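Structure first, then comments.
The values are calculated or read from the model by the stated rules, or taken from the named source; none is laboratory data. All of these numbers come straight from a predicted model, not from anything done at the bench. Please note: Cβ atoms are built from the backbone with ideal geometry, for glycine as well, and neighbour counts cover all protein chains shown.
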Amino acid sequence: MATPVQRQYWELKNQNPEAVLFFRLGDFYELFFEDAHIGSKVLGITLTARHKGTENEMPMAGFPHHAHKDYLEKLIETGYKVAIAEQREDDEGKISRYIARLVTPGSTLETGTLKPDAAQYLLALEHNEAQQTFALAYADVSTGEFCTAQFKDEARWWDELYKLAPKEILLSTTDFNKESLTRRLPKALFTPRPEIKIKAAVQTLSDHFPANHLNVAGIDKMETLLVLSARVLNYLADTQKTELRHINQIKHSNVDEVMALDAQTFRHLEIFGSLNPGEHNATLWQTLKRPYSAPGGRLLRYWLCNPLIDLEKINRRLSAVQELGEKPNLRTPLEAQLKTLPDLERLLARLSSGRGNARDLAFFRDAFTVFPELAKTLQLAEADLIGKTPTSLSVFGDLTELLQKALVENPPLEITQGGMFTRGFKAELDTLLSLTQDSKTWLENYVETCRKQTGITHLKATYSRNFGFTLEVSKSHAGKAPESWTRRQTLVNAERFTTPELTEYETKALSAEAESFALEHRLFIELKDEVLKFLPQIQTAAQNLAIVDALLSLSRTARAYRWTAPTLRNDVGYLNIQGGKHPVVEQLSTESFVANNLKMNPESRFHLISGPNMAGKSTFLRQNALIILLAQIGSFVPAKKAELSLYDRIFTRVGASDNLAAGQSTFFVEMAETARILHAATPKSFVVLDEIGRGTSTFDGISLAWAITESLHNDLKANTLFATHYHELIDLAEDLNGAANWHVSVTQNEDGIVFLRHIKPGGISDSFGIEVAKLAGVPESVVQNAREVLRRLESESLLSGKPNLFSTAAVTEKVVEVPAYSAVESYLADINPDDLSPKEALEMVYKLKNL
């Protein structure tokens, strides 16, 4: 027969069958049955069992309640949900248990599970087949962000899901194919949720958000978005078990106001993740000088995911970045002040959700103390993006004074054990603290009196929850205890006694301490509520400071790497980059990076780039795409000069990869990525193609590459960089009005080929594959055999009169021959005169004289 505790357990477990249940028993959390096995496997805690070996065996594992934070965070990071069951006692002393909160990957506020510079999204989605729309609603409970978005294009919908990278997705029975979602978002947790009718959804949202807010947000007529928003809000309410005051507005995203970037572009350009495992620093994100604050980091990440297509907005950012770079009297104190700020957004979320403590209030106090000097510094700025920030920092004077007066310098994390408030803040608290302190003094004096009266020099006072205050005497001196002392506990080496005076002291001391703890807890709640009265103002200040921090990050990056302010224009298809460099490769390379130029316009919009592997074609392609992306987030760029039109999208088809999980070959993936480009590119797009058609037969590959070239040039008219080894395309590019041939320069010497990495006009018909194989370490015997086979194939082609796809002789007069550079020419090819100081130029003259 089940005990009352077991019945409580099963009642709570049945309410949350999908969650690991932390069941509070006294000072421990216990896990039972399958949860115990999970705890043993994931957390490494000892697995035991009650009634072991019987049909009633109950596997169990547990840990002290004060250690639950680390175990909770580990389970969440592993993808589990956790239900926390706390215990409470009623007036009659009866103990019951209840679910205090449900912690899930998409609704966690645990600091150990949150990445400081990344959002933690909970998301709901739906495909409305009748309206042919794809909708999203998502929230980050750790910051209060709540957004909606709607798409006509399914591909853009998937792109947004990739960018958001939700930790948890709420699905109803009618939602999009879960298998497809799981394949594309393998790290997300999928949680089923009941359907919500539109009337109930509107009521839920109206009860939570201010009056008329749905209309202001622009979604009051969008039924799908209303239902999804209610699904997210209801789930957060179910998990947090508290009021979510910091979620106080819905922002509807207009997806047409930002540049479209798909998943393959993020991967190929290595914006956040490297294509080479282990090279974590080889990304644009790691190359940028990071913001000092966590909100600034999250905002900069958002900017990288959503480049602007509005010229005015871009120029506002550029102006601010330039001003921060030009004014050390603004920049230097600003950097020092921003370094001191905590994550105000997440602190506010914790406080609003009932998770905060006095240490969090102290963080607010310290931040508010910095605000006046920060506002004074920001008043030096003229850029309008920074101009509103000083005003938003100036409203916390009275609150700052209250927090300074109330809190001790370093308050404890626990809010029920006192020690949070200063003497002089509340007279009532001072009285209770004095009683507690006086009683401690009395105890010290009493122990000393007992020592003198009994002659027991090593007598000491102890306290335990079960026996209260006692006097501890070693076994050898226990016989000296007066008859008026009452034995309470026997230990191995000591005896513990109580006395009438000690019992009276215990009643007074514990009563005063308990009252002081209770009063401090009430004062904490009151002080927390005072801070939350400023919730909207704190959110505004935090958001403004995040903008300043992100702009400062871009300014620091520009100064550190000597980047240049780009010039953007409102026409179509114009791109002029002088001395462009790859922002990541330049910083990581141990060699001097060779800068290159690129000039495109509607009359020269398709550039075919030939040349050997390893010569730098891929780097050149990607660096220009990254320069465009950086320019449109409002950043300076790695170039001597950059002038460009606004681009609506960047497309990339780079490298070889397969998708074995989906049963897709390398060639299929390549064609799928290319198809996406051909369906979605516009004259305002920038397209990067690095090899097309290599995963099939030569004739198939050339045919596809040829047709794709014509489509991009003739129909889509997008600015395109196309790197290829199909030399047959060189003739095609010469025949297309808006196309041009370019090549990556190399030279040959007695040791083989030398990569010069300069992009020069004209095509080049030799891929130098055998020479590259030699450089890569292919055995000399294999290299020589390959040369003989190549000569034989070329000879057979000439004798048969048939064109040979592998021939290096089938080069038209339009093709640039590879020069055999002299030592002087090779040396000069690597020199950029504009980069030389007078002293360096003189040194090079002497070096040339000796060549």
- Message: Show the residue pairs meeting these rules: Cβ distance below 6 Å; 6+ apart or different chains; first residue within region 624-638 and among the aromatic types (Phe, Trp, Tyr); second residue outside any loop (DSSP other than H, G, I, E, B).
- Response: Phe636/Ala558; Phe636/Thr564
- Of the candidates Arg559, Arg569, the one satisfying the condition of being more than 17 Å from Trp742 (Cα to Cα) and more than 31 Å from the chain's Cα centre (by Cα) is Arg569
- Message: I'm told Ile650 meets every condition in (1) crowded, with 16+ Cβ neighbours inside 10 Å; (2) closer than 26 Å to Leu756 by Cα except one. Can you identify the failing condition by its number?
- Response: (2)
- Task: Within region 313-344, work out how many residues are among the β-branched types (Val, Ile, Thr) and crowded, with 20+ Cβ neighbours inside 10 Å.
- Result: 2
- Item | Residues satisfying the stated conditions in region 478-512, i.e. acidic (Asp, Glu) and touching a helix residue (DSSP H, G or I) at 6+ places or on another chain (Cβ under 6 Å) | Glu495
- Message: Residues that are closer than 24 Å to Lys241 by Cβ, of a type in the set (Gly, Ala, Ser) and in contact with a Lys or Arg (Cβ under 9 Å, 6 or more places away or on another chain): list the strands (runs of 3 or more DSSP E) wholly contained in region 1-102 that include at least 1 such residues.
- Response: 82-89
- Note on the structure: If you go through Gln437, Gln417, the only one that is loosely packed, with under 15 Cβ neighbours inside 10 Å and either in the same structural domain as Glu323 (by TED's automatic domain parsing) or part of a loop (DSSP other than H, G, I, E, B) (or both) is Gln417
- Item | Criterion (in contact (Cβ under 8 Å) with a residue 12 or more places away in the chain and among the basic types (Lys, Arg)) met by exactly one of Lys81, Lys94, Lys115 | Lys81
- Message: What are the pairs with Cβ atoms under 6 angstrom where one residue, in region 275-288, is under 19 Å from Lys581 (Cβ atoms) and the other, located anywhere, is of a type in the set (Asp, Glu)? Sequence gap at least six, or different chains.
- Response: Thr283/Glu270
- Quick one: count up the residues across region 766-797 that are touching a residue at least 40 places away in the same chain (Cβ under 8 Å) and of a type in the set (D, E, K, R). 2
- Kindly provide the set of residues from region 174-203 that are among the hydroxyl-bearing types (Ser, Thr, Tyr) and in contact with a Leu (Cβ under 6 Å, 6 or more places away or on another chain), ordered by number. Thr191
- Sole exception among (1) part of a helix (DSSP H, G or I); (2) in contact with a strand residue (DSSP E or B) (Cβ under 8 Å, 6 or more places away or on another chain); (3) among the polar types (S, T, N, Q) for Asn576, by number: (1)
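Here is a yes/no grid of residues against (1) of a type in the set (A, V, I, L, M); (2) in a strand (DSSP E or B):
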| residue | (1), (2) |
| --- | --- |
| Glu591 | no, no |
| Leu621 | yes, no |
| Leu626 | yes, no |
| Ala631 | yes, no |
| Ser635 | no, no |
| Thr652 | no, yes |
| Val669 | yes, no |
| Ala675 | yes, no |
- Count of region 242-265 residues which are part of a loop (DSSP other than H, G, I, E, B) and surrounded by 15 or more Cβ atoms within 10 Å (Cβ to Cβ): 10
- Of the residues that sit in region 278-288 and are over 22 Å from Lys617 (Cα atoms) and assigned to a loop (DSSP other than H, G, I, E, B), which one is farthest from the chain's Cα centre (by Cα)? Gly278
- Inspect all residues belonging to region 16-26 and state whether any of them is among the β-branched types (Val, Ile, Thr) and under 32 Å from the mean Cα position of the chain (by Cα). yes
- Does region 662-674 contain any residue that is polar (S, T, N, Q), buried (at least 23 other Cβ atoms within 10 Å of the Cβ) and either in the same structural domain as Ala707 (by TED's automatic domain parsing) or in contact (Cβ under 8 Å) with a residue 40 or more places away in the chain (or both)? no
- Message: As an exercise: evaluate Ser703 against (1) among the hydroxyl-bearing types (Ser, Thr, Tyr); (2) modelled with pLDDT of 90 or more; (3) within 19 Å of Thr265 (Cβ to Cβ) and give the number of the one condition it does not meet.
- Response: (3)
- Message: If I filter region 306-326 for residues that are among the aliphatic types (A, V, I, L, M) and under 19 Å from the mean Cα position of the chain (by Cα), do I get at least one hit?
- Response: no
- Query: Restricting the first residue to region 558-585 and requiring it to be buried (at least 22 other Cβ atoms within 10 Å of the Cβ), which pairs with a second residue that is part of a helix (DSSP H, G or I) and not hydrophobic (A, V, I, L, M, F, W, C) meet a Cβ separation below 6 Å and a spacing of at least six or different chains?
  - Reply: Ala558/Gly325; Gly580/Gln623; His582/Thr619; His582/Gln623; Pro583/Thr287; Val584/Thr287
- Query: In this structure, does Pro291 turn out to be of a type outside the set (Asp, Glu) and either over 15 Å from the mean Cα position of the chain (by Cα) or assigned to a loop (DSSP other than H, G, I, E, B) (or both)?
  - Reply: yes
- Task: Select, from Glu89, Glu110, the only residue that is under 21 Å from the mean Cα position of the chain (by Cα) and surrounded by fewer than 22 Cβ atoms within 10 Å (Cβ to Cβ).
- Result: Glu110
- Query: Only one of these conditions is not met by Leu399: (1) closer than 29 Å to Leu361 by Cβ; (2) surrounded by fewer than 15 Cβ atoms within 10 Å (Cβ to Cβ); (3) not hydroxyl-bearing (Ser, Thr, Tyr). Which number is it?
  - Reply: (2)
- Task: Restricting attention to region 706-725, report how many residues are touching a residue at least 40 places away in the same chain (Cβ under 8 Å) and among the aromatic types (Phe, Trp, Tyr).
- Result: 1
- Pairs only if they're at least six apart or on different chains, beta carbon under 7 angstrom, first in region 523-536 and within 17 Å of Ser392 (Cβ to Cβ), second not in a loop (DSSP other than H, G, I, E, B); list them, first residue then second. Val531/Leu351; Val531/Leu361; Val531/Phe364; Val531/Leu399; Phe534/Leu399; Leu535/Leu348; Leu535/Ser352
- Message: Looking at region 120-141 only, could you name the residues that are in contact with a Pro (Cβ under 9 Å, 6 or more places away or on another chain) and within 23 Å of Lys69 (Cα to Cα)?
- Response: Gln120, Tyr121, Leu122
- From the residues in region 371-390 that are among the hydrophobic types (A, V, I, L, M, F, W, C) and crowded, with 17+ Cβ neighbours inside 10 Å, which one is nearest to Phe524 (Cα to Cα)? Phe371
- Every residue from region 715-740 that is part of a helix (DSSP H, G or I) and within 40 Å of the chain's Cα centre (by Cα): Asp715, Leu716
- Within region 764-800, restricting to residues that are hydroxyl-bearing (Ser, Thr, Tyr) and out of contact with any Asp or Glu (no Cβ under 9 Å at 6 or more places or on another chain), the one that is modelled with the lowest pLDDT is Ser800
